[in-house]
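Remarks on the structure that follows.
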Amino acid sequence: MPETVFVNAINEALQEEMKRDESVFIMGEDIKRSIYGATMGLLEEFGEKRVLDTPLSENAFFGAAVGAAAVGMRPVVETLTSFMWVAMDQLVSQAAKMRYMFGGQVNLPVVYRATMYYGGGSAAHHSDRSYPMFMNMPGLKIVAPSNPADMKGLMKTAIRDNDVVIMFEDGTLFGNRGEVPANEDVPGGELLIPFGQANTLREGSDVTAVAIAGSVPHALSAAEELEADGISVEVIDPRTLVPLDKATILASVEKTGRLVIADPAHKVCSAASEIASIVAEEGFWSLQAPIAKVASEQVHIPYSPALEKLVYPTKEKIADAVKRTLE
Amino acid sequence: MAIDKDLLMLMLRRMWTIRHFEETVIDIYAKGEFGGAAHPYIGEEAVAVGACVAMQDTDYIAGNHRSHGHPLAKGGDPKRAMAELLGRVDGYCKGKGGSMHLADFSVGILGESGILGSSLPVATGAALASKIKGEDFISAVFFGDGASNQGACHESMNLASVWKLPIIFICENNQYAVTTSYRDTVAVEHVSDRASAYNMPGVLVDGQDVVAMYEAVSVGIERARAGEGPSLVEGLTYRYEEHSLGLGRIRRGEYRPEEEIETWRQRDPIVIHEKRLVEQGIATQEECDAVRDEEAKEIEEALEFARNSPFPEPGDLFDDMFADAIPQP
Ligand SMILES: Cc1ncc(C[n+]2csc(CCOP(=O)(O)OP(=O)(O)O)c2C)c(N)n1
Ligand SMILES: [Mg+2]
């Protein structure tokens, strides 16, 4: 299978979907020259009408995507998570609420591509991992892929979905390589991954580790290391947080009796919190040890590498948590 | 601009639809038939009607919190509007929107937003779609003098102008945001003066004159359809009632003098238009009265319809969240 870089998987998905469907267009800041890499070559292929560089007006163009979708387009908006704050009103009051509030009169097939740049000395204003805040808001579908194949397949599904989807693209993974099946090698000739299906990346019998986005590679390396100590860890990537495949998680916990959740978001009311609460409510009798959350510390992201590295989930923290559940 | 009689009569009719609708709303609110807030549009009818009759059915509008008038001006069904107010299943939004979200998407409404300024980006997006698709439709958005100070308003106008989008920004300057005069919050003399900052035409219009509104918006629409970009039209108008039903704490006369209210009531948009029709021999007083009575009847029927429509069932609670449904967590 061919290896693809994570950011190129985004590009492939955009290219294929823009080619397939004329109503797909993309907009964002400096996307024509693709300063972040995901929109490379799209201007040349699809032209100025479908590749739009916006003014620095997130509130306006996040909302314009809603309006364009309401009248039949499929906009894909590129942004960084940290700039979503400026557009919160459009995301919440319009994108999330419009369909329900108007009794289902309109579909809003919008994709917001929100890249999370963290872990590289970007400091507090540019390191947001904000998906839990949006999980709390009904009306949004939330996707957080952890490898290039999922990125491509979920992005294509997101663009075809008839609702508002926020793709949280983990910037720590952008340079990662992974196998992405060629179109001719997948059934139907296209890589489409359905929402709401977790991916069990590694089977195990002692402890379940649910890991999200950039925490997935750390959980996998922890699992590998622990195997040497005779501890068998099952690693599950939910891939989509809304909808969340709780059945896969609950079934795994039923088997292992132990749960560790690794989440790059801040730990209070994180995705990990929600998963822990689901398992506490619905899988309590399977548990043989307290659930362990390994999420980011409840502190702003400090600039200095000496401090920043203390904040996020790491392989070591995940491995320690796994061992704790076995004590 | 020569306007034919049918259109002039339609203007009168739609203004009466709104006037009767709003009077009925005030009445049934007082009787406790529905709750929450409701912002009467009485006195401002000419702004929405003049603008909307200048549009095609395929054009889009978006509104704000004071938006009972906008869908009705564009030909929305008063029965379904009234049913929505009463929270019934036959409402535009099946009872999920209420007074501030009386949107009839079937007549090109893109939503009415309770968050001030929030509709402007959405309407701008519809205009963007028109341009990308190479289609002929335009969009328009109604917002108040208060909302004109929102960042979304400025961002949208700038965006629409740099991209030359077919949109008309229509400021309904009723001179107050709740109790605050626009003179205390808008840094320029008129909201329309701001247009120059976005390199678009800005016109100040007598918002009590439905024909003047129609003409100004028509010019903007023509410009929009010709691919020349957006316009800002400010209709100077006045709200007769208090800001919102259910806001009992605002006392009349404390922020605007009684004489001011009286002066503006003397410039009633329906009276002005009727007078013109009769004086210019376009219609008889009897014809005008007949329109008034027909619309009164239509609203009576709308109320009857709404009262007879059932409330939603508990099982409807989770409907309409998503187009491609997902399980409740
Ligand atoms: C973002 C936001 N801030 C405040 C409010 C509360 N509010 C509702 S209507 C209103 C005044 C609006 O004034 P204007 O835009 O002039 O419209 P008008 O009510 O006069 O038609 C305010 C402050 C709101 N709905 N949204
Ligand atoms: Mg006002």
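For the reader, a short list of remarks on this structure follows.
- Cα Rg, Dmax (largest Cα-Cα span) when computed across the stretch B:171-237, Å: 12.6, 40
- Shown for the stretch A:93-130: residues covered by the partner protein chains by 40 Å² or more of accessible area relative to the chain by itself (probe radius 1.4 Å), namely A:Q94, A:R99, A:Y100, A:M101, A:F102, A:G103, A:Q105.
- Here the accessible area of the stretch B:88-224 is 49 percent carbon and sulfur, with a 1.4 angstrom probe and all protein chains present.
- The listed residues B:S106, A:S23 rank as B:S106, A:S23 when sorted by accessible area, largest first, using a 1.4 Å probe.
- Gyration tensor verdict on the stretch B:265-304 (Cα atoms; rounded if a/c is under 1.5, prolate if a/b is larger than b/c, oblate otherwise): oblate
- What separates the Cα centres of the stretch A:259-303 and the stretch B:190-248 is a distance of 52 Å.
- Qualifying aspartates and glutamates (Cα of each under 16 Å from Cα of B:K94; at least 8 residues distant if same chain): B:D77, B:E84, B:D104, B:E112, B:E313, B:D316, B:D319, B:D320
- Note: relative contact order over chain B, using C-alpha pairs below 8 Å and six or more positions apart, is 23 percent.
- Cα-based Kirkwood hydrodynamic radius, the stretch B:5-309, one decimal, Å: 19.2
- Taking only the alpha carbons of the stretch B:97-245, we obtain Rg and Dmax values of 14.7, 43 Å in that order.
- Measuring heavy-atom accessible area with a 1.4 angstrom probe and counting protein chains only, the residues of the stretch B:49-65 that give up at least 10 Å² relative to the chain alone are B:Y60.
- Sorted from longest to shortest, the spans of the Cα atoms of the stretch B:37-89 along the three principal axes equal 31, 24, 16 Å.
- C-alpha center-to-center spacing [the stretch B:257-326, the stretch A:308-322] in angstrom: 63
- Cα centroid separation, the stretch A:104-170 to the stretch B:78-139 (Å): 26
- Pairs from the list B:K74/B:K275; A:K152/A:K309; B:K5/B:K164 with a Cα-Cα gap above 26 Å: A:K152/A:K309; B:K5/B:K164.
- The Kirkwood hydrodynamic radius of the stretch A:99-158, based on inverse pair distances between different Cα atoms, is 13.9 Å.
- With a cut-off of 14 Å between beta carbons, the residues surrounding B:P201 carry a summed charge of -2, where Lys and Arg count +1 and Asp and Glu -1.
- Rolling a 1.4 Å probe over the protein heavy atoms of the stretch A:199-325, with every protein chain left in place, gives an accessible area that is 54 percent carbon and sulfur.
- Restricting the calculation to alpha carbons of the stretch A:83-218 gives Rg and Dmax of 16.4, 49 angstrom.
- If you model the stretch A:3-189 as an ellipsoid using its alpha carbon gyration tensor, with each semi-axis the square root of five times an eigenvalue, the axes come out at 23, 20, 17 Å, biggest first.
- Residue-normalised convex hull volume from the C-alpha trace of the stretch A:146-214: 118 Å³ per residue.
- Over chain A, the ratio between the Cα radius of gyration and 2.2 N^0.38 Å evaluates to 0.98.
- Computed extension gain for A:L310 through A:E254, at 0.36 nm per residue and net of the alpha carbon distance, reaches 16.9 nm.
- Value of Rg/Rh across the stretch A:224-281 [Cα atoms, Kirkwood radius]: 0.98
- Whether the stretch B:91-176 is rounded, prolate or oblate, judged on the alpha carbon gyration tensor where a/c under 1.5 counts as rounded: oblate
- Summed over the residues of the stretch B:235-324 and divided among them, the accessible surface reaches 59 Å² per residue at a probe radius of 1.4 Å.
- For the residues A:G41, A:G63, A:G104, a GNM of chain A with alpha-carbon springs under 10 Å puts the largest fluctuation on A:G104.
- Averaged over peptide B:158-165, the number of partner chain Cβ atoms lying within 10 Å of each residue's Cβ comes to 3.
- Taken across both chains, chains A and B shield about 3500 Å² of accessible surface from a 1.4 Å probe.
- Charge-dipole axis of the stretch B:240-329 as Lys and Arg at +1 and Asp and Glu at -1 on Cβ define it, positive-most pick from B:L303, B:G246, B:A290: B:G246
- The simple spin-label model puts a point 7 Å past each Cα toward its Cβ; for A:K323 and A:W85 those points are separated by 3.8 nm.
- Using the Cβ-Cβ distance between A:Q197 and A:L56 with R0 set to 45 Å, the FRET efficiency from 1/(1 + (r/R0)^6) comes to roughly 0.75.
- Surface/4 of the Cα convex hull for the stretch A:199-325, nm²: 7.3
- Area of A:I35 that stays accessible when all protein chains are in place (1.4 Å probe, Å², to 10): 100
- Calculated over the stretch B:190-329: convex hull of Cα atoms, volume per residue (Å³): 272
- The ratio of the alpha-carbon radius of gyration of the protein assembly as shown to the globular-protein estimate 2.2 N^0.38 Å is 1.07.
- Rounded to 10°, Cα long-axis angle of helix A:148-160 versus longest principal axis of chain A: 50
- Crossing angle, helix A:246-256 versus chain A [Cα axis fit, 0-90 degrees, rounded to tens]: 20
The values are calculated or read from the model by the stated rules, or taken from the named source; none is laboratory data. All values reported here derive from a predicted model rather than from experimental measurement. Ideal geometry is used to build each Cβ from the backbone, glycine not excepted, and the neighbour counts take in all protein chains shown. The area values use the complete protein model at the heavy-atom level, side chains included, leaving out ligands, DNA and RNA. Shrake-Rupley method; radii C 1.70, N 1.55, O 1.52, S 1.80 Å.
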